[in-house]
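Report on the structure given below.
The values are calculated or read from the model by the stated rules, or taken from the named source; none is laboratory data. Computed from a prediction, not measured in an experiment: that's the story for all the values here. Neighbour counts run over all protein chains shown; Cβ positions are idealised from the backbone, glycine included. Note: areas computed on protein heavy atoms with side chains; ligands, DNA, RNA excluded. Shrake-Rupley method; radii C 1.70, N 1.55, O 1.52, S 1.80 Å.
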There are 2 protein chains.
Amino acid sequence: MSHLSSINPSNTFTTPSRATTKASTLHPLAALTPDELTTISRVVKSYNASKTCLFRRCLLVEPPKALVVPYLQAELSGAPLPPVPTRRGQALFYFEGEQDFMEALVDITRGTLLGQRILPGEHGPGDDDEVLEIGAKALASPIVQAELERLQLPQGCEVIPEPWPYGSDDTPTPTRLSQVWFFLNYAERKDHPSSNFYAHPLDFSCVVDIATMEVVRIDRMPTDGGIEVSTDPNARFRPNPDCEYAPELLAEGVRKDLKPLHISQPEGVSFTIADDGETVKWQKWEFRVCFDVREGMILRNVKYDGRPIFYRLALSEMTVPYGDPRAPVHRKSAFDLGECGAGQTANNLQLGCDCLGVIHYFDGMGTSADGRPVKIPHAICIHEQDAGLGWKHTNIRTGRADVTRARELVFQLIVTVGNYEYALYFVFDTAATLHYEIRATGIMSVTPADPSADFSETAFGTVVADGVFAPHHQHLFNLRIDPAIDGYDGSVVTYDDVYPMKRDERNPHGVGFEVKSTKVENESAFNLDWTTNRVVKMVNPNKRNKFSGKPVGFKIMAPPTQLGLADPTSMHNIRGEFVNNHVHVTKYADNELWGSGEHLWQSRGGRGGCRTWAERGRKLENDSVVWFTLGFTHATRSEDWPVMPSEHFRMSFKPVGFFEQNPALDVPPSKQHVNQSRYAFPDQEAPIKPCCHL
Amino acid sequence: MSHLSSINPSNTFTTPSRATTKASTLHPLAALTPDELTTISRVVKSYNASKTCLFRRCLLVEPPKALVVPYLQAELSGAPLPPVPTRRGQALFYFEGEQDFMEALVDITRGTLLGQRILPGEHGPGDDDEVLEIGAKALASPIVQAELERLQLPQGCEVIPEPWPYGSDDTPTPTRLSQVWFFLNYAERKDHPSSNFYAHPLDFSCVVDIATMEVVRIDRMPTDGGIEVSTDPNARFRPNPDCEYAPELLAEGVRKDLKPLHISQPEGVSFTIADDGETVKWQKWEFRVCFDVREGMILRNVKYDGRPIFYRLALSEMTVPYGDPRAPVHRKSAFDLGECGAGQTANNLQLGCDCLGVIHYFDGMGTSADGRPVKIPHAICIHEQDAGLGWKHTNIRTGRADVTRARELVFQLIVTVGNYEYALYFVFDTAATLHYEIRATGIMSVTPADPSADFSETAFGTVVADGVFAPHHQHLFNLRIDPAIDGYDGSVVTYDDVYPMKRDERNPHGVGFEVKSTKVENESAFNLDWTTNRVVKMVNPNKRNKFSGKPVGFKIMAPPTQLGLADPTSMHNIRGEFVNNHVHVTKYADNELWGSGEHLWQSRGGRGGCRTWAERGRKLENDSVVWFTLGFTHATRSEDWPVMPSEHFRMSFKPVGFFEQNPALDVPPSKQHVNQSRYAFPDQEAPIKPCCHL
């Protein structure tokens, strides 16, 4: 969000409501309350009373960090708290029937409008309701009906429209569009709530102008293994077998021999949640976990044992570019945060289904199109889990073993974006490490595969079932990391590489190797290099480890990520912004939060994002923000169909010289009288030589 | 093991014992029984009746694969089983007081010696008993006592000798040596069974000739941050603070707020173990898990749903080269399988301490120096664990969610090798993926750090505590993978890379990318490349996926591994064999089992290992064996001291086109009536909108 047009002073609300009174008592970093959301939409609607506002998103505008830090520092030192900075909100909306995408900034504390403007050339995000409406309108359109007629579909079947963001290609598109894929349910399955219509992709898509809900074009889909797309006016639907995932639709049923596994905590959970509903304390960790319709979960003011580590940490964007170059598949490149929102599309998690053990749920809060706050029940779940062996050592001279287990505190949010699911996790552990984990599951986006066609030379996807082609694609995620390593006075980014020492008189036997540390001096981007074991660190240059003398820090450990494969000149790459480097480092700015920029629907680049910001190359002055890209290239497998076993990847923030010794040293020893484990079979004896300290 | 010298026919035992009778009923791939171990040592002792044999290891010599495969194929097809091939064992031993390292091969079935020979230039592995004896002898030696006197140690302290394999450097060493480090316990701590003497490293080491138990040399240790090693004859011990890990020795005690977490399986476990004590069945998996003193755990004949995947899978070797180039640290490069044995050093796991939930334990079986079978109680534990979200999809039109959880079956073996611990895991999951996980924990190997010295420019290690320097090092592991992808008729290795397509008329928008598959035609070595997302696959060229037409296969997914940093001309690299490529592919051979060769104690290379075998370059004919290297470079942190929070890494074998659909499709839905989860806090309501299919 950049600066707004000047405000019309007549729109100042002079009588604060109850909601705004309450707001002033909130913590500066608290998520928006329902009352605050109401205030935002009320102010905007009041200012625009002659029109009907269709709200797309209402978001918290965090107070400037420069105002928040003194507050947090006073919290740390126990000094009197400074006044809470003004609470502000942003509304993104349309006027009914109009094309212009609108932004308003609201002073929630005072209940006043700070500014409002048109966002020229930008388009607003979608949501489930809009998706369903686009689909219904597309299906009803005569030109879509004509295509369905051409196909001579089986009797009684149901056609399912699946609207997507239009994406972008080399052709500019000034109006807000959706591209709609079509799938089919056979007659006998169409009433089943989990029938897998994706198993029957149709051979055309259409393009809808969202403002008018008109179908503006039909695109024929590729159906064979080649590059040419058939336009045969007589192409018919080719029936192919169902491929279901719902347990009651499986021909063989479900396996019967998986025995229940229960997790219980007889003395209750080890975490507490403050009355603010956001501040969590667990095992020396303390932080705010805030729901957000765009980012899903935001961690704010993460501390360990009273020492700050992160000012803010959240997924900034994700993109899923597809490798099938054929129109219209070439436009498949979802940006699920900017286009839909990880909070907006959050599942309502269910006890005992999505989570196992002893669970707490956070509700999320969004905004309806008409501006009412809408609860998203059970959007985030939180639980503890055992994480296996923590640390262990056996003194072989005395036979005594000391062993601890690792414990984790897990925050889970699962999003459904059309066909696909992402489960997103923040995981805190008892060794002062914070992990970010992603699981990718759901149903792959597929196109029709002519059973008579030759796919043997097709290398951009896989025929995963009769009649179904799954293009290869990438899942690339970007985390925005705003560090506060042992203080809010700013952090420096360095990276360490490990190099062999030359074989010479310093290293006569040729075994030596050394760590070389490089400071990131200017805004820039760089890549990881696994051949040098490159590790990114965030350090506080003003605090030193007592023993090593090196600055205290946290390092980022991540799985290997193949960067964006799209051509540098392609729209996938241009608008991606974070896809062609693992790491971007920029100077902190309050309004630079999202790796691919703010408004992604049909974005065409050139409006900011971490690449653009990193390219400024300005000198960093203990004010570094790290943008970290991770993900994977998904070469599709038949094993991923009809629903994909979750693919995991986890990155970790680990202390390095931050502590003077193992932070898990005081985890209590793992003892049977606490753990209450059992032998699996009655004939098992106790061990002959006790090895564990009891 | 290569060929043996011809046998003296007079050593044939003609009367089979009860043990050998029993042996003939064993499965060809069964681990050695106690009776069989007794037979091996009895045959060897009888042949060498005039001397005292000191056994180092007695190992199963698997029958030739060519004889076993018809047996396994008959098992698969239900045909009559062919005769069980002769059971054979290998004994590695010394004659008391002699230097020659001996090998004997025994026909266990007949109770006969097949051959015996001296292994010239090779040295046998060590064990805990030997380590303790070397230490005691070293400590008693006058020249060690003279060094201790020089140090003017604190009154009443205890000196702890820590023998290591000598390693190798550029100077040949014909006799079997140990290098011994020395540490100190202060008087007030020396009686505590977990006192951390490693916190007080002394400034010298000694070298012991193991055969004579004589100290042959004193080496002074580096104590500052530079390259020169002090030989100051007046150097004194510099007292430094204790740094303990035992809970009762922690000044602040243990944290009190970690609540118990229990895992129970009220209907019992989902796995079964056959009467043979080795064959495990769980969730369509079936395999033998065999204890072995060298390799720890060996998986044999791994099948899923009746289809073979691996003939044999085991850790083949590991090495820990240190990056500190200064003598004598330059010789630190442990080969913990070949030198000590992952089974030999296995912990006796304890219910509720090392394992949580419902556990079964396997005992291991080794051999004492005098040839008796020795039980290693509870060497391997096995349990099920929940692994979070399996797969999920929500139909946003109907609101119905289908969700499963992932379950894992975990085999754990923990080894203690002096100061350090490795926890080794085979993990099977419900999506037909097999994982190999390693956790590194225990106490880092350290050297003394002069508190007055300057370490600010020292880049090959870290001062982790007052007086303690921890050199950087690498942990490199090698898995030997003998695939049997959907049949025992042999497997082919390929690797896939993902490349961008050129922007041209096939790819007009520049978004396309393609997978290129390369077949490994000849014995060779290559590296992974994360920039091309290189994935190694093992495929069966004779079986094709029904939909893709591609060979059925399994792929290897692995974390990034920095390869060996030691100079190519260095002994660390030469004897490492597997350390300078991620992947070696060789033609199957019955006697090629260990990536760095068979006998590692003071090995100097040149006697086989996966690099040597890969360099043969012979044409592969569906007989590929894969040697996979993984590990990490450990740049030491103060957080790893005094005991290291376990560092995890996990590689995975995932089906790719092996199945026609998601193999976890029939995992039963995750349901609360089965899972019995609980709300963490009483005020939590049920969700408003049910999203889970119940």
Open item on the list: Under the convention of a label 7 Å out along Cα→Cβ, give the distances in nm from A:A49 to the same position in every other copy, shortest first.
Closed with: 11.6
TODO: Quantify how strongly other chains surround peptide A:355-365 by giving the mean number of their Cβ atoms within 10 Å of each of its Cβ atoms.
DONE: 5
TODO: Please list the radius of gyration and Dmax for the protein assembly as shown, considering alpha-carbon atoms only, with Å as the unit.
DONE: 32.6, 114
- [ ] Can you check what the Kirkwood hydrodynamic radius comes to for segment A:526-618, Cα pairs only, in Å to one decimal?
- [x] 15.3 Å
Open item on the list: Can you give me the convex hull volume of the Cα atoms of segment B:290-339, divided per residue and expressed in Å³?
Closed with: 75 Å³
TODO: Enumerate the residues in segment B:605-634 having an amide nitrogen under 15 Å from the point lying 7 Å beyond the Cα of B:K519 toward its Cβ.
DONE: B:619-624
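If you take every residue apart from B:N533 with its C-beta less than 12 Å away from the C-beta of B:N533, what net charge results, scoring Lys and Arg +1 and Asp and Glu -1?
Net of charged neighbours comes to -1.
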Task: Proximal charge balance of A:Y94 [Cβ under 10 Å; K/R count +1, D/E count -1] - done: 0
Task: Neighbourhood charge, 15 Å Cβ-Cβ cut-off, centred on A:Q676 and excluding it, Lys, Arg +1 and Asp, Glu -1 - done: +1
Task: Point-charge dipole on Cβ atoms (K/R +1, D/E -1) for segment B:9-118, about Cα centre, debye to 20 - done: 140 debye
Open item on the list: Explain nothing, just compute: Karplus ³J(HN,Hα) = 6.51 cos²θ - 1.76 cosθ + 1.60, θ = phi - 60°, for every residue of segment A:496-507 in order, whole Hz, x for Gly and Pro.
Closed with: 10, 10, 10, 10, x, 7, 4, 7, 8, 5, 6, 9
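Arranged from highest to lowest average of other beta-carbon atoms within 10 Å per residue, in what order do the peptides B:661-669, A:138-146 appear?
My ranking of the peptides, most packed first, is B:661-669, A:138-146.
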Open item on the list: Placing one identical point scatterer on every Cα of segment A:338-494 and ignoring solvent, what is log10 I(q)/I(0) from the Debye formula at q = 0.16, 0.19 Å⁻¹?
Closed with: -1.08, -1.21
TODO: Report, for A:P85, each distance to the same residue's label point in the other copies, shortest first and in nm; define the point 7 Å along Cα→Cβ.
DONE: 7.4
Task: segment A:609-653 - Kirkwood radius from inverse mean 1/r over Cα pairs (Å) - done: 14.5 Å
Task: chain A: equivalent-ellipsoid semi-axes (sqrt of 5 x gyration tensor eigenvalues, Cα, Å) - done: 42, 35, 27
Task: Mean-position separation - Cα centroids, segment A:608-651 and segment A:167-199, in angstrom - done: 27 Å
TODO: Would you mind estimating how fast segment B:272-656 diffuses translationally, via Stokes-Einstein at 25 °C and 0.890 mPa s with the Kirkwood radius over Cα pairs, in µm²/s?
DONE: 109 µm²/s
Task: Shielding by partners - mean other protein chain Cβ count within 10 Å, residues of B:544-556 - done: 4
Task: FRET efficiency, 1/(1 + (r/R0)^6) with R0 51 Å, evaluated for A:T171 and B:R616 via beta carbons - done: 0.35
- [ ] Only helical DSSP H runs with n ≥ 4 go in: add -39500 (n - 2.57) per run for chain B, normalise by residue count and round the 222 nm mean residue ellipticity to 500 deg cm²/dmol.
- [x] -3000 deg cm²/dmol
- [ ] Starting from the Cα gyration tensor of segment A:9-118, multiply each eigenvalue by 5, take the square root, and state the resulting semi-axes largest first in whole Å.
- [x] 29, 14, 11
Open item on the list: Quick check: pseudo-label points 7 Å beyond the Cα along Cα→Cβ at B:Q684 and B:A74, how many nm apart are they?
Closed with: 5.7 nm
TODO: Report the label-to-label distance for A:K190 and A:R42 in nanometres (one decimal), using points 7 Å from each Cα along the Cα→Cβ vector.
DONE: 4.7 nm
Task: Label-point separation, A:K543 to A:R117 (7 Å along Cα→Cβ), nm - done: 3.8 nm
Task: Which of B:A525, B:L351, A:V552, positive extreme of dipole for the protein assembly as shown (C-beta unit charges) - done: B:L351
Task: Positive-end residue of B:V269, A:T223, A:T636, charge dipole of the protein assembly as shown with Cβ unit charges - done: B:V269
Task: Sorted peptide list for A:179-187, B:70-78, B:502-510, criterion being average Cβ within 10 angstrom, highest first - done: A:179-187, B:502-510, B:70-78
- [ ] Mind checking A:275-286 for the average number of partner chain beta-carbons within 10 Å of each residue's beta-carbon?
- [x] 1
Open item on the list: In whole Å, what are the extents of segment B:572-694 along the principal axes defined by its C-alpha atoms, from largest to smallest?
Closed with: 69, 49, 19
Task: Which of A:P663, A:V43, A:M571, positive extreme of dipole for chain A (C-beta unit charges) - done: A:P663
Task: segment B:206-252: Cα Rg divided by the 2.2 N^0.38 Å rule of thumb - done: 1.78
TODO: Evaluate the charge dipole of segment B:272-656 about its Cα centre and quote only its size in Debye, nearest 20, assuming +1 on the Cβ of each Lys and Arg and -1 on the Cβ of each Asp and Glu.
DONE: 1500 debye
Task: Cα centroid separation, segment A:353-370 to segment B:431-507 (Å) - done: 38 Å
Task: Within the accessible area of chain B (1.4 Å probe), percent carbon and sulfur - done: 52 percent
Task: Segments B:359-366, A:345-352, A:230-237 sorted - mean Cβ within 10 Å per residue, highest first - done: A:345-352, B:359-366, A:230-237
Task: FRET E, pair A:I143, B:R397, Förster distance 25 Å, beta-carbon r, rounded to 0.05 - done: 0.65
Task: Charge dipole magnitude, Cβ of K and R +1, D and E -1 - chain B, Cα centre, debye nearest 20 - done: 2740 debye
TODO: Determine which chain B residue has its Cβ at minimum distance from the rotation axis mapping B onto A, giving the value in whole Å.
DONE: B:P560, 2
Task: Cα-only radius of gyration and Dmax that characterise segment A:128-221, units Å - done: 13.4, 43
- [ ] Starting from a label point 7 Å past Cα on the Cβ side, list the distances from A:D504 to the same position in the other copies, nm, shortest first.
- [x] 4.8
Open item on the list: Over 23 Å apart: what share of the alpha carbon pairs of segment B:190-277 falls there, rounded to a whole percent?
Closed with: 62 percent
Task: Histogram of C-alpha separations across segment B:297-420, 5 Å bin width, % - done: 2, 8, 11, 13, 15, 14, 11, 9, 6, 4, 3, 2, 1, 1, 0
TODO: Let me know the shape class of segment A:565-639, please: from the alpha-carbon gyration tensor, a ≥ b ≥ c as square roots of the eigenvalues, rounded when a/c is under 1.5, otherwise prolate if a/b is greater than b/c, or oblate.
DONE: prolate
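To two decimal places, what compactness ratio does segment B:240-316 give when its Cα radius of gyration is scaled by 2.2 N^0.38 Å?
1.81
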